[in-house]
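A quick write-up on the structure given underneath.
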Amino acid sequence: MRFLLDAEQREFARSLDGLLASSDTPSVARSWASGDSGPGRALWGRLAETGVFALAVPERYEGLGGPGLLPVELTVAFEALGRHAVPGPLVETVAAAALLGRLGDAAPAAGLPGLASGKTMATLCVTDTSPYALDADAANAVYVVEGAEGMDGEHGVRGGSLRLAEGHGPVQASADPARRLSRPGGGGTVLTRGPQVASAAAYARDTAALVTAAQALGLGRALLERTVVYVKQRTQFGAAIGTFQAVKHRLADTLLALEFAAPLLHGAALALAAEAPSAGAETAAAKVAAGEAAYRAARTALQLHGAVGYTEELDLSHWIRKARPLRDAWGTPAACRARVLRG
C-alpha cells in the first residue's frame with residue numbers, strides 16, 4: 001500500500017513549514033525553557049490561525065474535524081512542528097481536545113471552542129500513564145484523568161474521572177529544558193466521571209501517541225538534514241568527513257530507519273481515522289518506530305558533529321535533546337512493543 005498526501009495536505013505542510021521557518025523557533029525554545037512563555041504564546045496564536053488545533057475539534061464545537069479529529073492532517077502538522085522543534089504542550093492540547101470531544105457531557109465540551117481557536121493552551125495528565133503534566137505552569141487548563149484503568153463498582157465496568165486541576169507542583173528537570181514537567185495540583189472541578197471517561201482516555205492516549213510519533217519523525221528528519229549539511233563542510237585528513245565510508249553507512253542507516261517509520265505513521269493515522277480495531281496496535285508500532293528512528297538520528301548527529309553538537313550555543317542542541325523525551329512520551333518503546341504484541 002502507498003501512503004501519499006493529497007495536494008491540499010502537501011500545501012498545508014508547506015505553509016506550516018514556511019511559517020515556522022520564519023519564526024526563529026530556537027529563540028522561542030530558549031525563552032520557553034527559561035520560563036518566559038511570551039514568544040511561545042505568540043507562536044501558538046499563529047499556529048492556531050492555520051487551524052492546527054482545530055483539526056482535533058469537531059465542527060459542532062468550532063473545529064475542523066467533522067464528527068471527530070483528522071489524524072492524517074494532524075500527523076502532517078506535527079511532523080512540521082517536530083521539524084522545527086516547537087516547544088509547548090502541543091501534543092497534550094490535541095489529546096485534551098480528543099478526550100473532551102469523546103465525552104457527551106456539557107461541562108467537558110465547553111472547553112473545546114477555546115482549544116480550537118488557540119485561546120486556551122491546555123495540558124493533559126492521565127495518571128495511569130504518567131503522574132506528570134507537561135508545561136502545566138504555562139497552560140490555561142490542566143486536565144487530569146484518574147482511575148481510567150480501574151473498576152467501577154461490583155460490575156467490573158472500567159471507570160474514571162476527569163477534573164480540571166488547580167495549580168501544579170514544582171517544575172521537574174528534564175533532558176529537554178523546554179519540556180517543563182510538574183505534578184498537577186489537587187482539588188479543582190470534577191467535570192465528569194464514569195466508564196465513558198476510560199473509553200475517551202484510551203482514545204486520547206492513542207491520539208497523543210500518534211502525534212508524538214509524527215513530531216519525532218519530523219525531528220529525526222531535521223537532525224539528519226542538518227547532519228548531512230555539516231559532514232559536507234567538516235574536513236579531516238584533507239577531505240570532507242561525509243566522503244568517509246563509515247559516515248555514509250551511519251547516515252544511510254539513519255535515513256532507512258526514518259523512511260521505514262513514515263508508512264507506519266500514515267497507516268496508523270488512517271486506522272485511527274477509521275476507528276479500526278487495530279488502531280491502538282498500529283499507533284503503538286508507529287510510535288516505537290518513529291521514536292527509535294529519531295533517537296538514532298540524534299545519536300548520529302551528536303557523534304558526527306563531535307563535542308560542538310551538545311553545546312548550548314549551537315541550535316542543533318535543541319533538536320538533539322528532544323529526541324529521547326519524545327521517544328518515551330505517551331508510550332515508552334517497551335510499552336509500545338507490548339501493545340503491538342497484544343494486538
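The values are calculated or read from the model by the stated rules, or taken from the named source; none is laboratory data. All of these numbers come straight from a predicted model, not from anything done at the bench. For neighbour counting, all protein chains shown are included, and Cβ atoms are generated from backbone atoms with ideal geometry for every residue, glycine included.
What the table below lists for this structure:
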item: Number of positions in segment 179-226 that are touching a residue at least 24 places away in the same chain (Cβ under 8 Å), assigned to a helix (DSSP H, G or I) and closer than 30 Å to Gln303 by Cβ; result: 17
item: Candidate set from segment 263-301 (those that are farther than 22 Å from Leu4 by Cβ and among the acidic types (Asp, Glu)); member that is modelled with the lowest pLDDT; result: Glu275
item: Residues of segment 300-343 that turn out to be under 17 Å from Leu81 (Cβ atoms), outside any helix (DSSP H, G or I) and out of contact with any Pro (no Cβ under 6 Å at 6 or more places or on another chain), as a count; result: 2
item: Those residues of segment 105-132 which are among the aliphatic types (A, V, I, L, M), outside any helix (DSSP H, G or I) and crowded, with 20+ Cβ neighbours inside 10 Å, in sequence order; result: Met121, Ala122, Leu124, Val126
item: Segment 1-50, residues that are among the aromatic types (Phe, Trp, Tyr) and farther than 24 Å from Pro263 by Cα; result: Trp32, Trp44
item: For Val86: the one exception among (1) in contact with a Ser or Thr (Cβ under 9 Å, 6 or more places away or on another chain); (2) without any contact (Cβ under 8 Å) to a residue 60 or more places away in the chain; result: (2)
item: So Ala297, is it on the phi < 0 side of the Ramachandran plot and assigned to a helix (DSSP H, G or I); result: yes
item: Residue list for segment 14-45, filter: surrounded by 12 or more Cβ atoms within 10 Å (Cβ to Cβ), of a type in the set (Gly, Ala, Ser), touching a residue at least 24 places away in the same chain (Cβ under 8 Å) and over 19 Å from Gly118 (Cα atoms); result: Ala21, Ala33
